[in-house]
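Quick notes on the structure that follows.
The values are calculated or read from the model by the stated rules, or taken from the named source; none is laboratory data. In this text, all values refer to a predicted model and were calculated from it rather than measured experimentally. Heads up, the Cβs are rebuilt from the backbone with ideal geometry, glycines too, and the neighbour counts pull from every protein chain shown.
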C-alpha cells in the first residue's frame, strides 16, 4: 500500500491489494498480555483491542461489541449490531485527479446527508448524561476529553448535550482517542457500521458511545497504511467513507429506522426521552420547550380531524407523536407530529394548536410549527388567510389566547408555491425556491415523490433527493433565486428529467 492523501472530496488510498489487512493472528486483539513494538508488556483483558500496539502506518479495525483498552468512560451505549435493513442511496463524490495503479478513493460524505446514519426509533443508542456524569467525576479524563475537541472543561456538558446519538450505516474512518498516562492518545481507526456514536450539528462523529472515547476526523497518513485486526465478513477497503462537516442541521437528522427501514427525524441533541418523528407525504410538527400539554390537531379537506381523541382518520392522517399528555411523562424537548402517508386528498388543511394544560409551567408557551408536503416547505396561512410563513411559523398560546389556527393547501385546493417554475416568486431562501421549482416540474409530468433535503452544494446550487416508486433520484437546482437550471445527478434522475423535458443530456 502507498500513502493516503486528501484530493478534492475524497481520500486517496494507494493499494496494490488489501492483503496487508491482518488476519486472526493480529496481536492487536489480545489475550492476557500483549508485547508492544518497543518490547514492553501491557496487561489488558482478553479479547480487547489494544491501540497502543499499532505501529507506524497501521489503522485499527474496530468491530462492533469489541472493547478497546484504555477507554475514557464506562459504556454509555447499548449492544451494537450492523444494520440489516435496506439503506437509501447516498450520493458519493468522485475524483477526477489522476491516480496511479491500485489507488482507491475513499469518498468524503457530508454529515448532514439524509439517510447517512441510522437509529432505532425511540430507543436510546447513547446516554449523553451518563457520559457527562462520568467525565465530571473524573477531572483528569475530562481535561483530556475536552482537549481533543478544543473546548474548555467547563463546556463539556453543553457540548455533549448538543450532540446527537446515531448509528453508523457505513464503515467509517475516524481518529479515535484512548486515555493513557493522564492524557488522550490518538490512533487511526475504521469503525464497523453498527457502532453507536454522537455526532455534532454538522454530522461529524465526536464520541464513541461504547467507551466514551472522543472522535475526530481522520488525518491523511504520511506512509503506506496497513489495516490491522480481524476483518468483519463484509469489510471492503473500497467502501469505507470519511464524514466531513456539512451545513449545520437545525430541524433534525433524517435517519434510517434500523427496525423498519423507514426514514425518521431525530432532533438535534436528542436524549433518550426525545421522540423520533415519522416522515410522510404530509408532515405537520409542533415543537415547544416547556412542560405544558399543548395539543396539535389537523382537519383534512373532508372535515375529519386527527387529534389526541381521534388519532386516525380515513384519508390516511395519523397522530404519530403526542407529548406531555396529562402533564405526565414530561419530555425535555416535547413535540407532536401528524402525518399523512399514501396519497393525501387535495384541498385545504386546517391546523389547530391548543393549550390544553399549562402543567405549572407558566401562562404562555412559545411554539414552532413545521409543515412539509412531499418533504417541501409549503405556504402557511394564519386564521385570517394572510401568509404567516413558508414551512415554519412561530407563535404563542396561553391563558390570553389558548388556541392558534393556521391552514395550508395542496393540489386542487390551492397552490403550494409559485405557479410558474420559471419565477421563484417571493421566496428569498434557496431551499424553498429550489424545492418549489423541482416540485412543479415533476408534478407537471406526473412524477410523484417525497423530497429529502440534501442541502446546498457548491456553485449556488441546492440538492434535493426525490424518493419515487422507482427509487431515489438526486437533482441539483442551480441559481434557484435567479436564472435557474436543474442538473440530475444519477441515471434515474436523468431519465426523469429527460422524459419531463427539462434536461437534455
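Residue by residue, here is whether (1) farther than 21 Å from residue 265 by Cα; (2) at pLDDT 85 or above; (3) in contact with a strand residue (DSSP E or B) (Cβ under 9 Å, 6 or more places away or on another chain); (4) in a helix (DSSP H, G or I) holds:
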position: 326; (1), (2), (3), (4): yes, no, yes, yes
position: 332; (1), (2), (3), (4): no, no, no, no
position: 336; (1), (2), (3), (4): no, yes, yes, no
position: 350; (1), (2), (3), (4): yes, yes, yes, no
position: 353; (1), (2), (3), (4): yes, yes, yes, no
position: 356; (1), (2), (3), (4): yes, yes, yes, no
position: 367; (1), (2), (3), (4): no, yes, yes, no
position: 370; (1), (2), (3), (4): no, yes, yes, no
query = Among 235, 185, which is the only one that is surrounded by fewer than 23 Cβ atoms within 10 Å (Cβ to Cβ) and either under 19 Å from residue 135 (Cα atoms) or at pLDDT 95 or above (or both)?
reply = 185
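Residues to consider are 252, 203, 229; find the one that is closer than 29 Å to residue 74 by Cβ, surrounded by 23 or more Cβ atoms within 10 Å (Cβ to Cβ) and at pLDDT below 90. Before you say what the answer is, go through the steps one by one.
Numbers: 252 fails: surrounded by 23 or more Cβ atoms within 10 Å (Cβ to Cβ); 203 fails: at pLDDT below 90.
Answer to the check: 229.
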task = Out of the residues in the range 468-488 that are in contact with a helix residue (DSSP H, G or I) (Cβ under 7 Å, 6 or more places away or on another chain) and more than 21 Å from residue 499 (Cβ to Cβ), state the one that is surrounded by the fewest Cβ atoms within 10 Å (Cβ to Cβ).
result = 481
task = Sort out which residues of the range 252-272 are in a loop (DSSP other than H, G, I, E, B) and more than 10 Å from the chain's Cα centre (by Cα), and write them in order of number.
result = 258, 259, 260, 261, 262, 269, 270, 271, 272
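For (1) more than 14 Å from residue 396 (Cα to Cα); (2) touching a residue at least 40 places away in the same chain (Cβ under 8 Å); (3) assigned by TED's automatic domain parsing to the domain that holds residue 401, each residue gets a yes or a no:
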site	(1), (2), (3)
293	no, yes, yes
303	yes, no, yes
335	yes, yes, yes
350	yes, yes, yes
354	no, yes, yes
363	no, no, yes
message = Looking only at the range 122-147, count every residue that is part of a helix (DSSP H, G or I) and touching a residue at least 40 places away in the same chain (Cβ under 8 Å) and tell me the total.
response = 10
task = Only one of these is modelled with pLDDT of 95 or more, outside any loop (DSSP other than H, G, I, E, B), out of contact with any strand residue (DSSP E or B) (no Cβ under 8 Å at 6 or more places or on another chain) and more than 25 Å from residue 87 (Cα to Cα): 156, 151, 160. Name it.
result = 156
task = Starting from residues that are in contact with a strand residue (DSSP E or B) (Cβ under 6 Å, 6 or more places away or on another chain) and within 23 Å of residue 263 (Cβ to Cβ), keep the ones in the range 338-348 and report whichever is modelled with the lowest pLDDT.
result = 344
query = part of a helix (DSSP H, G or I), touching a strand residue (DSSP E or B) at 6+ places or on another chain (Cβ under 7 Å) and in contact (Cβ under 8 Å) with a residue 40 or more places away in the chain - does that describe any residue in the range 488-496?
reply = yes
task = Select from the range 296-324 the residues that are crowded, with 22+ Cβ neighbours inside 10 Å and either in a strand (DSSP E or B) or under 20 Å from the mean Cα position of the chain (by Cα) (or both) and write down the one among them that is modelled with the lowest pLDDT.
result = 320
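Within the range 163-182, can you find the residues that are farther than 24 Å from residue 252 by Cα and touching a strand residue (DSSP E or B) at 6+ places or on another chain (Cβ under 8 Å)? Before you say what the answer is, go through the steps one by one.
Step one: list which residues in the range 163-182 are farther than 24 Å from residue 252 by Cα, which gives 175-182.
Those that are farther than 24 Å from residue 252 by Cα and touching a strand residue (DSSP E or B) at 6+ places or on another chain (Cβ under 8 Å): 175, 176, 177, 178, 179.
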query = Of all residues in the range 444-467 being out of contact with any helix residue (DSSP H, G or I) (no Cβ under 9 Å at 6 or more places or on another chain) and outside any strand (DSSP E or B), which is surrounded by the fewest Cβ atoms within 10 Å (Cβ to Cβ)?
reply = 458
